[in-house]
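I have placed the structure first, in the form of structure tokens, so that the comments after it can refer back to it.
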Ligand code: G4P
Ligand code: NA
Ligand code: NA
């Protein structure tokens, strides 16, 4: 998605070899017009899929997900990050390991919002090692629902998440794929199909 790549080049910063800062339009300040275009692009890329609902993770997954939900005409559910590990009643839960923080967090969705047979499009802002995506997949499976696809705004292709998810048969669409962040310079993966 050229508009997104141009915006990453303009406003993104390679903070290190592995971390891209995009606080100007996605992770802190949000550009609504760019989010609208992101929603439309997800609709185009998953137009042949049956999608009943979108599932994301708070907080940065919500903005692109809501715009995609508008395009598909479906509700958007966000998994909540939990402090308390007790009182699991009526909740679908999963663990997310953070490599950066080296800690495991629990996320949860109320059972009533994902029902058996639902076709779910998972959306998130970043795909790195795939921990968040795998936790969302786990929740969908616990609900006996189906993963129709995984939509990512920015994939860091040098980390293992994208490859593993595709190897496992998931339809992953990333609107921008970053090949490298070395030496402060942002390089995109050359793609024929994206
Ligand atoms: P890791 O796989 O690279 O170790 O990342 P980790 O799971 O620790 O992710 C921690 C948070 O950082 C996640 O957001 C994730 O989406 C985000 N993230 C991962 N790589 C990058 C990156 O290169 N740049 C930016 N800006 N974010 C990245 P979160 O904690 O769930 O926060 P939020 O959704 O509330 O923003
Ligand atoms: Na984030
Ligand atoms: Na995120």
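The values are calculated or read from the model by the stated rules, or taken from the named source; none is laboratory data. These numbers come from a predicted model, not from an experiment. Cβ placement follows ideal geometry from the backbone for every residue including glycine, while neighbour counts extend to all protein chains displayed.
Before moving on, here are some points about what is shown:
- All positions within the range 46-65 that are more than 15 Å from ligand 2 (Cβ to nearest atom) and buried (at least 20 other Cβ atoms within 10 Å of the Cβ): 46, 51, 53, 54, 55
- The set of residues in the range 32-55 that are part of a helix (DSSP H, G or I), free of Cβ contacts under 8 Å to residues at least 60 places away in the same chain and away from ligand 3 (no atom under 15 Å from the Cβ) comprises 32, 33, 34, 36, 37, 39, 40, 43, 44.
- Only a single criterion out of (1) more than 13 Å from ligand 3 (Cβ to nearest atom); (2) in contact with a strand residue (DSSP E or B) (Cβ under 9 Å, 6 or more places away or on another chain); (3) modelled with pLDDT of 95 or more is not satisfied by residue 58, namely (1).
- Some residue of the range 86-100 being part of a strand (DSSP E or B), surrounded by 21 or more Cβ atoms within 10 Å (Cβ to Cβ) and within 16 Å of ligand 3 (Cβ to nearest atom): yes
- Condition check for residue 81: surrounded by fewer than 17 Cβ atoms within 10 Å (Cβ to Cβ), at pLDDT 95 or above and touching a strand residue (DSSP E or B) at 6+ places or on another chain (Cβ under 8 Å): no
- The range 1-15, subset in contact with a helix residue (DSSP H, G or I) (Cβ under 9 Å, 6 or more places away or on another chain) and assigned to a helix (DSSP H, G or I), residue surrounded by the most Cβ atoms within 10 Å (Cβ to Cβ): 4
- Filtering the range 114-145 to residues that are more than 11 Å from ligand 1 (Cβ to nearest atom), part of a helix (DSSP H, G or I) and touching a residue at least 40 places away in the same chain (Cβ under 8 Å) leaves 136, 138, 139, 140, 142.
- Scan of the range 106-130 for residues that are over 19 Å from residue 175 (Cα atoms) and touching a strand residue (DSSP E or B) at 6+ places or on another chain (Cβ under 7 Å), ordered by number: 106, 107, 108, 109, 110, 111, 113, 114, 118, 119
- Qualifying residue in the range 91-105 (condition: more than 16 Å from ligand 1 (Cβ to nearest atom), closer than 21 Å to residue 162 by Cα and touching a helix residue (DSSP H, G or I) at 6+ places or on another chain (Cβ under 6 Å)): no
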